[in-house]
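Okay, structure first, notes after.
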Amino acid sequence: MDKDAKIKKLTSENERLIKLCSVKSDMVSISAHQIRTALSALKWIIKMFLDGDLGKLNAEQENLMKKAYEGNDRAIGIVSELLLANKTENVTEKKYNFGEVDLIELIDNTVFDFSGEASAKGIEVIFLKPEKKLLSIQADKEKMRVVLQNLLENAIKYSNSHDKVFVTLRENDGLVEISIKDTGVGISEEGKKKIFEKFYRDPEAQKKEPVGSGIGLFTTKKIIEDHGGKIWFESSESKGTTFLFTIPIHRKQ
Ligand code: ADP
């Protein structure tokens with residue numbers, strides 16, 4: 001093989017490996033997010049038992065519930081580490097599985113998954129459902145779930161205790177528009193320019209929540225744009241933030 005042919009072969013092999021690596025990293029990130037959300041939902045259910053919200057436990061039941069709580073907490077820690085370790089990986093190359101998605105049901109489930117975490121901070125998440133039932137949209141359900149998880153997680157994370165987070169959904173001109181509104185720390189003027197950049201975190205947000213990767217919004221924007229949608233926000237410092245995004249109801253072929 002001559003020199004040029006070797007270089008060509010190595011370059012194409014390198015490109016294939018980069019692509020493969022990126023797909024794997026994306027899968028790790030999406031799965032880890034989902035596992036963590038499911039574990040968090042479980043955590044607050046166990047906590048309700050431990051707090052006696054569902055009736056007083058006997059000593060043996062309490063002991064077992066404590067073990068379940070601790071084991072679950074350890075698992076959340078491991079998954080969070082995994083997410084952190086994966087954060088430097090690329091999230092660009094992705095495979096989408098498009099299908100019919102019932103967005104109202106998906107939002108309902110995601111809001112439920114975060115309800116424990118929110119109520120532990122005294123925050124209420126309210127989904128204002130549209131009066132007219134929306135028909136399904138064409139989307140990748142698991143990736144849409146990641147979008148909703150990221151935006152809801154942020155709204156709760158950057159809210160103050162006893163705040164309310166409102167989620168709305170409306171249909172307009174072939175698009176669905178979803179908004180997630182909080183009354184938390186808000187985004188600085190500098191942050192407004194950089195918020196969708198990978199790894200960017202606003203100083204105020206960091207003060208409020210030291211743990212974060214600055215990758216959630218980057219991924220969220222990419223997923224929305226890959227669906228043919230748009231994401232934007234309205235925010236004022238220490239007053240709150242509303243993230244809005246659109247997704248076309250029907251996918252262009
Ligand atoms: P992370 O939350 O892990 O830092 P994200 O990519 O999800 O990463 O968000 C990037 C940055 O955008 C956050 O660090 C924060 O500064 C800002 N941000 C995102 N959502 C909100 C929000 N609802 N309110 C205030 N700031 C936000």
(request) Please work out which residue is farthest from Lys133 (Cα to Cα), limiting yourself to segment 151-166 and to residues that are touching a Ser or Thr at 6+ places or on another chain (Cβ under 7 Å) and open to solvent by less than 10 Å² (accessible area, probe 1.4 Å). (result) Ser159
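One line per residue, one yes/no per condition, for (1) part of a loop (DSSP other than H, G, I, E, B); (2) at pLDDT 90 or above:
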position	(1), (2)
Val125	no, yes
Met144	no, yes
Leu151	no, yes
Ser161	yes, yes
Val165	no, yes
Lys198	yes, no
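Being of a type in the set (Asp, Glu) and open to solvent by 30 Å² or more (accessible area, probe 1.4 Å) is the filter here; which residues of segment 129-150 pass it? First the steps, then the outcome.
Residues of segment 129-150 of a type in the set (Asp, Glu): 131, 140, 142.
Residues satisfying the conditions are Glu131, Glu142.
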(message) Can you tell me how many residues within segment 171-195 are over 17 Å from Ile123 (Cα atoms), more than 8 Å from the ligand (Cβ to nearest atom) and either within 20 Å of the chain's Cα centre (by Cα) or exposed (fewer than 15 other Cβ atoms within 10 Å of the Cβ) (or both)?
(response) 12
(message) Being within 8 Å of the ligand (Cβ to nearest atom), farther than 19 Å from Thr110 by Cα and not charged (D, E, K, R): is that true of Tyr200 here?
(response) yes
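In segment 141-163, how many residues are among the charged types (D, E, K, R) and out of contact with any Lys or Arg (no Cβ under 9 Å at 6 or more places or on another chain)?
Of the residues in segment 141-163, 4 are among the charged types (D, E, K, R) and out of contact with any Lys or Arg (no Cβ under 9 Å at 6 or more places or on another chain).
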(request) State whether one or more residues within segment 209-229 are of a type in the set (Phe, Trp, Tyr) and near the ligand (Cβ under 8 Å from one of its atoms). (result) yes
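The values are calculated or read from the model by the stated rules, or taken from the named source; none is laboratory data. Quantities reported herein were computed from a predicted structural model and do not represent experimental measurements. FYI the Cβ positions are ideal-geometry reconstructions off the backbone, even for glycines, and counts take in every protein chain you see. These accessible areas exclude ligands, DNA and RNA; they are computed on the full protein's heavy atoms, side chains included. Shrake-Rupley method; radii C 1.70, N 1.55, O 1.52, S 1.80 Å.
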